[in-house]
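Peer 1: Take this structure first; my questions come after.
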Amino acid sequence: MADISLYPRSGLEHLLQPQTDDKSAGEAGVTLALRSDVALAYVFARNGKGGALKECVQQRFGLALPLKAQRTKDGQVPSLDGLTFIWAGPGRWLARKPGETGAAFETTLRSELSTVAWVINQTDGRCLFRIGGPSVREVLAKGVPIDLDARAFGPGDTALTLVGHISVHLWQIDLAPTYEFAVPRSFAANFCEWLLAAAHGKGFIVQP
């Protein structure tokens with residue numbers, strides 16, 4: 001298990017105290033958790049190096065870079081368990097690695113990809129939220145302007161979009177459905193306030 005003492009405070013502790021909304025009986029409709037143990041970095045293909053970057057990621061990490069709005073599956077190499085590359089636009093990806101600090105993750109990516117890509121640490125620039133629950137699609141529909149219906153958006157799919165005035169990068173984890181949202185840190189509190197308000201009456205749990 002990752003040592004949480006390695007990770008900085010989020011500044012959202014006042015909003016994300018473990019709590020339950022008891023407005024609805026039974027199972028909570030929405031769950032929210034801050035993933036403070038996940039390192040994030042943008043990976044940009046150097047000019048004319050897109051093909052070389054794809055080949056390098058395949059060789060070094062055993063992953064096929066997605067060339068459309070999807071994310072990779074977890075790596076097969078035990079030491080890289082959990083590493084994911086998430087499409088973030090043409091020639092760019094958001095790399096995600098749980099259980100590692102941002103600085104260490106940046107160093108790893110730079111050492112493996114420096115000849116074919118630029119790497120920018122985003123761990124301190126983004127807050128990563130995991131959101132799920134049986135009412136999650138209904139609640140997200142109040143502010144997310146894309147179709148999250150299971151027929152249109154499923155596990156492995158990703159999108160760059162807005163929630164109100166907030167730019168977010170989201171992807172679906174599983175069929176439940178469960179989503180992760182990467183939100184600019186300066187807007188993370190606004191995002192949390194919006195989500196908790198949108199979930200009011202559906203029942204929600206803020207998980208530690």
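The values are calculated or read from the model by the stated rules, or taken from the named source; none is laboratory data. Computed from a predicted structure; not experimentally measured. Ideal geometry is used to build each Cβ from the backbone, glycine not excepted, and the neighbour counts take in all protein chains shown.
Peer 1: Quick check on the stretch 149-162. Is at least one of its residues among the β-branched types (Val, Ile, Thr), at pLDDT 95 or above and either in a helix (DSSP H, G or I) or out of contact with any Leu (no Cβ under 9 Å at 6 or more places or on another chain) (or both)?
Peer 2: Looking through the stretch 149-162, none of the residues is among the β-branched types (Val, Ile, Thr), at pLDDT 95 or above and either in a helix (DSSP H, G or I) or out of contact with any Leu (no Cβ under 9 Å at 6 or more places or on another chain) (or both).
Peer 1: Quick one: is Gly89 surrounded by fewer than 15 Cβ atoms within 10 Å (Cβ to Cβ), modelled with pLDDT of 95 or more, of a type outside the set (D, E, K, R) and over 21 Å from the mean Cα position of the chain (by Cα)?
Peer 2: When the stated conditions are applied, Gly89 does not pass them.
Peer 1: Which condition number does Val139 fail, the rest of (1) more than 30 Å from Gln59 (Cα to Cα); (2) assigned to a helix (DSSP H, G or I); (3) of a type in the set (A, V, I, L, M); (4) without any contact (Cβ under 8 Å) to a residue 40 or more places away in the chain being met?
Peer 2: Here Val139 clears every test but (4).
Peer 1: Taking the residues in the stretch 172-192 that are touching a residue at least 40 places away in the same chain (Cβ under 8 Å) and closer than 17 Å to Ser135 by Cα as candidates, determine which candidate is surrounded by the fewest Cβ atoms within 10 Å (Cβ to Cβ).
Peer 2: Ala176
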